[in-house]
Structures are given as C-alpha cells and as structure tokens.
Amino acid sequence: MSCPVRKVLLVTFHGANYGMALQNYALQNVLKSFGLEVYNLFDKTPVKNRFVYVAKKIVKFFLALSGVKKYQPEFSSTRKARDKKNDSFYEKFLDNKIYITRNSILDPDNKARWSEYDYAIVGSDMVWHWSETEDEFKYYYLAFVEPEKRINYAPSFGLSKYAFENQELHKKYLAEFEKLSCRESSGCELLKNMTGREIVNVLDPSMLLTVDDYKAIAKKPDYEIPEHYVISYFIEELSKDDKRDYKHVIEKVAGGLKNIDVFNPNEKKYFATSPDEWLWLMEHADFIFTNSFHGAVFSILFHKQFISFERRAGGMHQKIEDLLSRFNLNNRIYRNDAKIPDGDINYKFVDEKLNSFRIISMNYLRDCLNIK
C-alpha cells in the first residue's frame with residue numbers, strides 16, 4: 001500500500017522582478033523532486049489605507065500626464081504588458097496557486113483548511129525584512145499552522161538590524177521554529193544575535209537548480225536580438241551621476257556591442273521581457289552588467305563574465321556582497337571609484353564551491369522535511 005503524497009504550503013512573494021519569480025519556481029521544483037505536492041500561497045492583502053493609496057495614485061497619474069517623466073512608466077502600456085507577461089509566467093510554471101488575504105488565512109474559522117497540509121515553508125526575498133502589524137508577523141512566521149509544521153528556507157533581509165520596536169515580536173515567532181536558516185551570512189549573524197541559536201547559511205533557492213533546468217524553460221523573446229550583445233539589469237532607480245558613470249563603464253567594456261537594457265521602463269521593447277525570456281537573454285549574452293542580487297546569481301549559473309554595481313539603498317548591497325564573497329568574486333563589484341573589474345572568472349572554482357553549498361542546503365531542507 002503506497003503512502004499518501006505529503007502536501008506543502010509555500011509562502012513567498014508574488015514578485016515583480018525576475019529573481020522573485022524564478023526563486024519561487026526553483027524552490028517549488030526542488031520540493032516536487034522530493035515527492036511533495038506543492039501549493040503556492042500568495043498574500044493579496046489590500047493596502048492598509050486605501051484612501052491614501054488611491055489619492056497618491058491619482059496625483060501621480062496627473063503628474064505623469066503633465067509631463068513628469070518619473071511617474072510616466074507607472075501608467076504606461078509597457079508596464080501593463082510586462083505585468084501581464086510576469087503573471088503568465090506564474091500561471092504557467094507555478095502549481096496550485098492560492099491567492100488569499102492575511103485576514104482569511106489567520107481567521108480561526110479557516111484553521112481546519114490548513115491542517116490538511118503536512119508542512120508550510122516560508123522563504124524568499126525580504127519575507128522577514130520588516131512588518132507593520134502583528135498579522136504580518138503571524139503570516140510570514142507561519143502562525144496559522146502548528147509549530148512542528150513550520151519550516152524556513154533562505155529568508156532574506158536586506159538590513160543589518162531589526163527596528164527596535166519589533167524585536168520582541170521577531171523573537172516570539174522565531175522561537176517557534178525548530179531550525180533556522182538564512183540566505184546571507186549577515187542575516188545569519190542577525191538571527192544568531194536575536195535568538196542565541198546556530199543558523200544554517202543556505203543558498204538562495206534559485207541556485208538549487210542547475211543551469212540545464214533553466215535552459216529547459218528559457219524562451220527566446222519575440223523582438224530582434226543580434227548574435228552578440230550585452231545585458232544591463234538595474235532594479236533600482238539610478239541618479240544622473242550614476243547613469244553617466246555606468247554608461248561609461250558599459251560602453252568601455254561592451255566595445256560597441258548592443259546593450260539590451262531590461263527592466264528599464266524607458267526601453268519599451270525590452271521592459272516587457274518575461275522571466276523565461278530573461279533566462280534566454282542571460283544564457284546567450286556576451287557580458288552582463290547588474291546591481292541585482294539575482295542578476296549576479298544567474299550570471300554565475302550561466303558562467304557569464306559580469307560586473308556587479310553597488311546598490312545605494314541602505315543595506316541592500318550587503319546581500320550581493322555576501323553572495324559574491326562565497327565564490328571569491330568580490331573583485332567583480334564596481335564600487336563607483338573608476339576601477340573597472342576585469343579578467344576572466346575561474347568558473348571551475350566557482351562550481352566546486354556551488355556544489356558544496358548545494359549539498360549543505362539540500363541536506364537542511366531534507367532534514368526539516370524528514371526526508372532520508
């Protein structure tokens with residue numbers, strides 16, 4: 001008599017950038033490879049103050065109409081096309097999607113619904129970053145299932161310390177996990193200081209799959225692409241000085257090759273690229289320029305020569321520093337000092353390190369899931 005398939009709730013963000021979509025896909029597929037049935041849970045809680053949100057939206061809309069370029073992309077048909085493609089990726093590649101509000105999932109009347117799942121796993125960009133209400137803590141710390149069913153895998157922070165007023169809530173819910181992991185070494189240190197416990201430093205979910213796994217779903221975009229090109233992938237608005245500086249770096253390194261600037265709303269043709277199309281572009285690019293964590297991740301997976309630019313937002317660059325230091329690739333960071341990284345990357349060494357980290361990460365997951 002065969003055992004029933006165990007069911008797992010996966011709690012992540014329904015993200016707008018490529019990294020969030022692909023790390024969701026990766027973790028889902030790793031869990032499926034263990035023989036588990038995965039259900040993707042996405043928080044669709046409305047904004048806290050709907051009136052203020054709508055009022056701000058209206059102001060931005062009229063500013064965009066009046067010619068303020070900063071707000072125009074938010075209301076463009078290009079952004080709608082991009083969002084549609086991103087949603088299509090989720091629909092095609094993620095299983096058993098459940099869109100729900102926090103009020104619904106935490107409602108005691110719905111408790112029986114979640115009892116049918118054997119585990120709940122939380123993990124993705126920023127899930128333990130900050131929260132404004134205790135309901136957010138309860139949701140992202142999986143308080144709607146029994147403590148013995150709660151698993152965390154590679155939560156990310158992007159900050160060096162928690163807001164003082166929230167520390168007791170973090171401690172309260174962290175104590176209810178049997179094991180703790182984190183994606184960044186800085187996050188491991190943060191959790192260790194918070195809990196006094198040992199924290200397992202694991203890979204981002206997207207690095208658990210092989211490059212062949214991604215090639216299998218990569219799709220060539222429908223716009224014209226030259227045989228040789230470079231990619232720019234910047235997920236943070238750049239200052240005028242940075243734009244000028246980075247343009248100089250890119251032109252010097254690219255040597256006249258076409259620059260496909262994805263995630264730039266002003267590049268209408270490229271901005272509507274979907275996650276599976278982005279994989280194809282990354283696979284075939286001659287060089288990659290990025291300030292994104294996952295831009296660096298997929299540069300590594302596809303064995304690309306790349307330059308990582310420093311992030312300006314507080315704490316956000318630390319996660320990239322942590323990633324690159326794992327593979328002795330900190331020399332690939334452009335630190336806004338006119339010293340352009342050069343030389344080829346030794347991917348034989350990188351792959352050896354990656355394989356050893358994969359073993360640690362997969363063993364952590366198997367241990368949490370009681371898989372021998």
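The values are calculated or read from the model by the stated rules, or taken from the named source; none is laboratory data. This structure is a prediction, so every number in the text was calculated from the model and none was measured. Virtual Cβ from ideal backbone geometry, glycine too; neighbours counted across all protein chains shown. The accessibility values were calculated without ligands, DNA or RNA, using every heavy atom of the protein model including side chains. Shrake-Rupley method; radii C 1.70, N 1.55, O 1.52, S 1.80 Å.
Annotations for the structure displayed:
- Here the chain exposes an accessible surface that is 51 percent carbon and sulfur, computed with a 1.4 Å probe and the other protein chains kept in place.
- Accessible area of Leu142 in the full protein assembly, 1.4 Å probe (Å², nearest 10): 0
- Accessible area (Å², 1.4 Å probe, nearest 10) - Tyr18: 0
- Area accessible to solvent at Glu178, 1.4 Å probe radius, in Å²: 140
- Spacing of the two label points (7 Å from each Cα toward its C-beta) at Lys220 and Ser239, in nm: 4.2
- nm² value of the averaged projected area, convex hull over the Cα atoms of the chain: 20.5
- Note on segment 177-237: along the principal axes its Cα atoms extend 54, 31, 17 Å, ordered by decreasing extent.
- A P(r) calculated from all alpha carbon pairs of segment 97-230, with 10 Å bins opening at zero, reads 10, 35, 28, 16, 8, 2 percent.
- For segment 160-278: span of alpha carbons on each principal axis (Å, largest first): 53, 39, 24
- Semi-axis lengths, Å, segment 254-372, gyration tensor of Cα atoms, sqrt of 5 times eigenvalues: 27, 19, 15
- Computed from Cα positions, the angle between helix 347-368 and the longest principal axis of the chain comes to roughly 20 degrees.
- With 27 Å as the limit, the listed pairs Lys84/Lys149; Lys215/Lys258; Lys243/Lys353; Lys32/Lys111; Lys258/Lys353; Lys97/Lys304 have Lys84/Lys149; Lys243/Lys353; Lys258/Lys353; Lys97/Lys304 beyond it between alpha carbons.
- Normalising the average separation of contacting C-alpha pairs (under 8 angstrom, six or more residues apart) by the number of residues puts the relative contact order of the chain at 17 percent.
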